[in-house]
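Below is one structure; the comments refer to it alone.
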Amino acid sequence: MFSRGNVTEKKRFASFVQEGECVLDMYAGIGYYTLPALIHGKAKTVTACEWNPNAIYALKHNLQANGVQDRVTVLEGDCRESLRALFDSGDVTDTIKQFDRVSLGLLPSSEGGWDIAIASLNQTTGGWLHIHGNVPTAERNLWSHWVCQSLFFLTKKHLYSKDWNAICVHVERVKSFAPLVDHLVADVFVGPTNSPKLSLKYSVGSTGVIDSSGQFHQTDVGEVISPSCALGKDGILHQDWLK
C-alpha cells in the first residue's frame, strides 16, 4: 500500500485523466485513485466502488476533507453487483454506462471485474481501462496479449460494434510483488479505433499490443492461451504459480 511504486502509479493515473472525464474506480479503497483523479486530473465525476465498511468510512472522510464529495458517487458492496444493479434499475444518469476511464486497481487480479468494466464504458466512443495484476516476470508479454484478447471477446459478448478493439498502449511495472512476480498495470483502450479518445501516431485497425519501442503487435483472437496468473475455470485465482 505504502510502497514508492504505488505512489508513482497514483500520480501516473492522475496524469491520464482529462478534465471533464467521467471516471469509474471499481476498487476505491480509501481513495487511492479516486482522489488523484478528482484533484489532479480534474475529472467531472467519479463513481467509487468499495465493499469494506472501514474503507468506505475513510473514503467518505477523505472526500469531505478535500472538498470533492459533491463530485463522487460511492457505491457500497461488491462492484460487480452494485454496478449491475444500478444499470438494471433504470436510475441511469448521463454518467452511468458512459465512463471514459476505469481504474481496476485490485491485486492479485482484477480479472473478475473486466466484464462489468466493459459494460460501463461510453457506448459510442469507448474508453480506457487501467488493469492491475500480479504477473510472473517471464509472462509479461503473454499477459498483455491475453488481456487484450479477453477484453476483445467481452466487447463481442456485449454486442458492441464490429469496429471495437482492445489496444494495449503501455504496460507499467509498478513494483516487485515477489521474486519473479511483478505488479503490472496495462493501459488499454477499448472501443472503435477511430475514436477521438485514441490518439496514436499511426492507424491501428485491430486488437493488439504496442511495445516499448512503439511497434504494434496484433493479438491472435482465435485460440485462448492464458497466463498462469489467470483465473481458473471455476472463477478462482488459485495462485499455484506463486508456490
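The values are calculated or read from the model by the stated rules, or taken from the named source; none is laboratory data. Keep in mind that what you see is a predicted model, and the values were worked out from it rather than measured. Note that each Cβ is placed from the backbone with ideal geometry, even for glycine, and that neighbours are counted across all protein chains shown.
Among the residues of the range 179-193 satisfying the criterion of being surrounded by 12 or more Cβ atoms within 10 Å (Cβ to Cβ) and over 19 Å from Trp114 (Cα atoms), which is modelled with the lowest pLDDT?
Pass one, the range 179-193, residues surrounded by 12 or more Cβ atoms within 10 Å (Cβ to Cβ): 180-193.
From the residues that got through so far, the ones that are over 19 Å from Trp114 (Cα atoms) too are 180-182, 193.
Numbers: Leu180: 93, Val181: 94, Asp182: 96, Thr193: 86.
Going through the qualifying residues, I end up with Thr193.
Taking the criterion of being of a type in the set (A, V, I, L, M), part of a loop (DSSP other than H, G, I, E, B) and over 23 Å from Lys11 (Cα atoms), would at least one residue in the range 153-167 satisfy it?
Applying the first criterion (of a type in the set (A, V, I, L, M)) to the range 153-167 yields 154, 159, 166-167.
Filter once more, keeping what is part of a loop (DSSP other than H, G, I, E, B): 159.
Filter once more, keeping what is over 23 Å from Lys11 (Cα atoms): 159.
Yes, the range 153-167 has at least one match.
Could we say that Val7 is within 21 Å of Ser199 (Cβ to Cβ) and either at pLDDT 95 or above or not aromatic (Phe, Trp, Tyr) (or both) here? So that I can check it myself, show each step before the final result.
Working: within 21 Å of Ser199 (Cβ to Cβ): no; either at pLDDT 95 or above or not aromatic (Phe, Trp, Tyr) (or both): yes.
Answer is no for this residue.
Here's a check for you: in the range 184-233, which residue that is without any contact (Cβ under 8 Å) to a residue 60 or more places away in the chain and among the basic types (Lys, Arg) is nearest to Leu142 (Cα to Cα)? Quick ask: steps written out before the conclusion?
First, the residues of the range 184-233 that are without any contact (Cβ under 8 Å) to a residue 60 or more places away in the chain: 184, 186, 193-194, 199-207, 210-216, 218, 222-223, 232-233.
Those still in the list that are among the basic types (Lys, Arg) too: 201, 233.
Details: Lys201: 24, Lys233: 18 Å.
It comes out as Lys233.
Go through the range 113-134 and report how many residues are touching a Pro at 6+ places or on another chain (Cβ under 8 Å) and surrounded by fewer than 22 Cβ atoms within 10 Å (Cβ to Cβ). Break it down stepwise before answering.
At the first step, the residues of the range 113-134 found to be touching a Pro at 6+ places or on another chain (Cβ under 8 Å) are 125-126, 133-134.
Those still in the list that are surrounded by fewer than 22 Cβ atoms within 10 Å (Cβ to Cβ) too: 125, 134.
Number satisfying all stated conditions: 2.
Every residue, every condition in (1) free of Cβ contacts under 8 Å to residues at least 24 places away in the same chain; (2) touching a strand residue (DSSP E or B) at 6+ places or on another chain (Cβ under 6 Å); (3) under 13 Å from Ala14 (Cα atoms), yes or no:
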site	(1), (2), (3)
Tyr33	no, yes, yes
Ile39	no, no, yes
Cys49	no, yes, no
Arg71	no, yes, no
